[in-house]
Amino acid sequence: MAKRPSIEHLPPVAIEGHRSSSTGGADHPMRIVTRRAAGLEAGGWTGELRHQVEDFFDGLAGEWHTRSSPQRTAVVTDALVRGLDPIGVSPGMAVEVGSGIGTYSALIAERFQMVVAVDLSLAMLKLAPGGPAHRIQADGAMLPIRDGSAAAIVLINAFLFPAEVDRVLSGDGALVWVNSSGEQTPIYLSVDDLVARLPGEWAGRSSRAGEGHWCALRRRRTARG
């Protein structure tokens, strides 16, 4: 039987001056990687692909700060305020996967007692501030996090590894998925594809903010507790 997620689609909000910063279409290399990581395309997440992605983002680390802007931050803030806050999540530990240079870690830390910020690129992590998050170089497909210990996983323009989301999240944990340039984000999945790939049953909210698109989902409580 197909899953029937309960997703509330909220009205979009305008963000003055927000423009798509990318031309990430279906043939963008990172879009292809995104779909492979999520299990939507053949090939999967292999060691060779992981090294290619690591090298790719290491090469971009020095100019990554140029991709930050108040407007992009506003997209993430909207996802947290209108998406995450109303669905009632424990303020325990959040895992920010694909944290990059730490642009959004402080926003997440405002809502959680601990933030573990994970990125594959050591070059990115070296440019991130020392706090408030605890920074770890790791593969998002093999997170150094105990089973069922995370109150939330936050993916801001980051790859989805469904099995790790299922393993790491608590029984009623939340997932926040943000595409800061909407469908033009290279690392992009639609809400339908996102929910289809997540094990179990989910409910939550989705909306657009400026050119961005986000979804905040809470796992429906299971025997995991």
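Taking K and R as +1 and D and E as -1, what net charge do the other residues with C-beta under 13 Å from the C-beta of S105 add up to? Each step should come with its number before you reach the end.
Numbers: positive: R111, R135; negative: E96, E110, D119.
Combined, the nearby Lys, Arg, Asp and Glu give -1.
Would you work out what percent of the accessible area of the chain, with all protein chains in place, is carbon or sulfur (probe 1.4 Å)? Don't skip to the answer; put the middle values down first.
Numbers: 5390 of 10060 Å².
Roughly 54 percent of what the probe reaches on the chain is carbon or sulfur.
In nm, give the distance between the simple-model label positions of A163 and S190, each being 7 Å from the Cα along the Cα-to-Cβ direction.
The answer from the label model is 2.6 nm.
Helix-only mean residue ellipticity at 222 nm, the chain, DSSP H runs n ≥ 4 weighted -39,500 (n - 2.57), per residue, nearest 500. What is it?
Numbers: 7 runs with 56 residues, N = 225.
So the helix-based figure for the chain works out to -6500 deg cm²/dmol.
So which GluC sites (Glu not before Pro) in segment 10-99 end up in coil per DSSP with only 13 or fewer other C-beta atoms within 10 Å? Intermediate results must be reported in sequence, preceding the final value.
On the way: sites: E16, E41, E48, E54, E63, E96; in loops: E16, E41.
For GluC sites (Glu not before Pro) across segment 10-99 that sit outside H, G, I, E and B with at most 13 neighbouring Cβ atoms in 10 Å, the list reads E16, E41.
Could you compute the net charge surrounding L10? Neighbours are other residues with a C-beta less than 14 Å from the C-beta of L10; K and R count +1, D and E count -1. Working shown, then result.
On the way: positive: R82, R205, R208; negative: E8, D78, D85.
In short, 0.
For a quick check: with amide H placed at 1.01 Å from N, whose amide H comes under 5 Å from G210's, ignoring anything fewer than 5 positions away on the same chain?
Counting only residues 5 or more places away or on other chains, the set is V13, A14, I15.
What net charge is computed for the residues neighbouring A42, neighbours being all others with C-beta under 12 Å from the C-beta of A42, Lys and Arg scored +1, Asp and Glu -1?
Values: positive: R35, R36; negative: E41.
Neighbourhood net charge equals +1.
Give me the percent relative contact order of the chain, please, defined on Cα pairs under 8 angstrom at least 6 residues apart. Mind showing how you got there, number by number?
Values: 467 pairs, mean separation 64.0, N = 225.
Relative CO of the chain lands at 28 percent.
Round to the nearest 10 and report in Å² the accessible area of M114, as given by a 1.4 Å probe over the protein chains' heavy atoms.
Roll a 1.4 Å probe over it and M114 shows about 80 Å².
Quick one: which residues, 5+ away or cross-chain, put their amide H under 5 Å from the amide H of R135? H built at 1.01 Å from N.
A117
When the dipole is taken about the Cα centre of the chain, and only Lys, Arg (+1) and Asp, Glu (-1) are charged at their Cβ, what size is it in debye, to the nearest 20? Please report the intermediate quantities before stating the final value.
Values: 23 positive and 24 negative charges, 120 e Å.
Magnitude of the dipole: close to 580 debye.
The values are calculated or read from the model by the stated rules, or taken from the named source; none is laboratory data. Quantities reported herein were computed from a predicted structural model and do not represent experimental measurements. Positions of Cβ are generated from backbone atoms using ideal geometry, with glycine treated the same way; all protein chains shown enter the neighbour counts. With ligands, DNA and RNA removed, areas are computed over all heavy atoms of the protein, side chains included. Shrake-Rupley method; radii C 1.70, N 1.55, O 1.52, S 1.80 Å.
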